[in-house]
Amino acid sequence: MAATGDDATAMDSISRVPAAHSAAPNLTAGAVGHTEGPEDAADSPASAPRKPHTNSDGGVETAEEAVEPAEPDINELCTDMFEKMAIFLQGELTATCEDYRLLENMNKLTSLKYMEMKDISINISRNLQDLNNKYASLQPYLDQINQIEEQVSALEQAAYKLDAYSKKLEARFKKLEKR
Amino acid sequence: MSSAESQPRFGQSVKGLLSDKVGSCSGDVIALTRQVLKGSRSQELLGQAARNMVIQEDAILHSEDSLRKMSIITTHLQYQQEAIQKNVEHSKNLQDQLRHLL
């Protein structure tokens, strides 16, 4: 009998402890608590759990959950937490953005380089076209040079023939002189 | 399941449960973000694109170098063409002289 009585009191104490430590942000409890808060605040310190109130409404017995008063800086802490979460998530996404920016800069530099190469190519093309036209205008002169070369060769052949003939003449003259 | 988890467990306060829940939600959001980024494979693709561009840069520089050399060679050709033009104008007199000789 004594053991069961002790067990019952132990069960009661155990069942009362979670209710005492519960700090669920219950709005209804808070609303009711605010009205009855000043009375409790005057009685107990702010961190102490408030005693649950029971209401009997039309024969139905209801109970409010015992809540602890919120810490005064909980809003600030929540704001701080969400801000830091936002900064962290932004950092995660910024890595990909930076990769895209790097590729964009590399593409821009490459396009600038290609534009310079395009200008150089246009200049080269124009210069080569002018050169081709000038060499085309030089063609008659080159033909003349070919003709000059042929004439010079003919002149050289004529000079050799003349030289050979003059040597023959000299030899014949010497022969005649000896007689 | 959520209602069972939201009930205060034996020896655990609602405050502790709430902080655990907030922590797990934050972890879930972070994991979701990482999964989305990993699933998009943007890191791999962009890294591969950057690597390919670095490989191409050598070829681009070589091409630019070749083009500059070609422009210098073209300029030299122009100088040579001007010199030929000057000297070729004398060939007419030479031809007349040779015609007289022959």
B:Gly27 vs (1) open to solvent by 70 Å² or more (accessible area, probe 1.4 Å); (2) modelled with pLDDT of 85 or more; (3) more than 8 Å from chain A (Cβ to nearest Cβ): all pass except (1)
By residue number, the members of the stretch B:70-102 that are more than 10 Å from every other protein chain (Cβ to nearest Cβ) and more than 59 Å from the chain's Cα centre (by Cα) are B:Asn93, B:Asp96, B:His100
Sole miss for A:Ile148 among (1) open to solvent by 70 Å² or more (accessible area, probe 1.4 Å); (2) modelled with pLDDT under 90 is condition (1)
Considering residues that are of a type in the set (S, T, N, Q), over 13 Å from the mean Cα position of the chain (by Cα) and either under 29 Å from A:Ala86 (Cα atoms) or more than 10 Å from chain A (Cβ to nearest Cβ) (or both), the number found within the stretch B:30-68 is 5
task = Answer yes or no: is there a residue in the stretch A:105-124 that is at the interface with chain B (Cβ under 9 Å from one of its Cβ atoms), open to solvent by less than 90 Å² (accessible area, probe 1.4 Å) and more than 30 Å from B:Lys69 (Cα to Cα).
result = no
Flagged in the stretch B:1-24 as in a helix (DSSP H, G or I), modelled with pLDDT under 55 and more than 9 Å from chain A (Cβ to nearest Cβ), in numbering order, are B:Ser2, B:Ser3, B:Ala4, B:Glu5
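To keep it simple, each residue is scored yes or no on (1) surrounded by 11 or more Cβ atoms within 10 Å (Cβ to Cβ); (2) in contact with a Leu (Cβ under 7 Å, 6 or more places away or on another chain).
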position	(1), (2)
B:Arg34	yes, no
B:Glu44	no, no
B:Gly47	yes, no
B:Ala59	no, no
B:Asp65	no, no
B:Arg68	yes, no
B:Thr75	yes, no
B:Ile84	yes, yes
B:Leu102	no, yes
(message) Please verify whether A:Asn132 is within 30 Å of B:Met53 (Cα to Cα) and either modelled with pLDDT of 90 or more or open to solvent by 100 Å² or more (accessible area, probe 1.4 Å) (or both), treating the condition exactly as stated.
(response) no
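The values are calculated or read from the model by the stated rules, or taken from the named source; none is laboratory data. On a predicted model such as this, the values are computed, not experimentally measured, just so you know. FYI the Cβ positions are ideal-geometry reconstructions off the backbone, even for glycines, and counts take in every protein chain you see. Please note that ligands, DNA and RNA were not included when accessible areas were found on the heavy atoms of the full protein model with its side chains. Shrake-Rupley method; radii C 1.70, N 1.55, O 1.52, S 1.80 Å.
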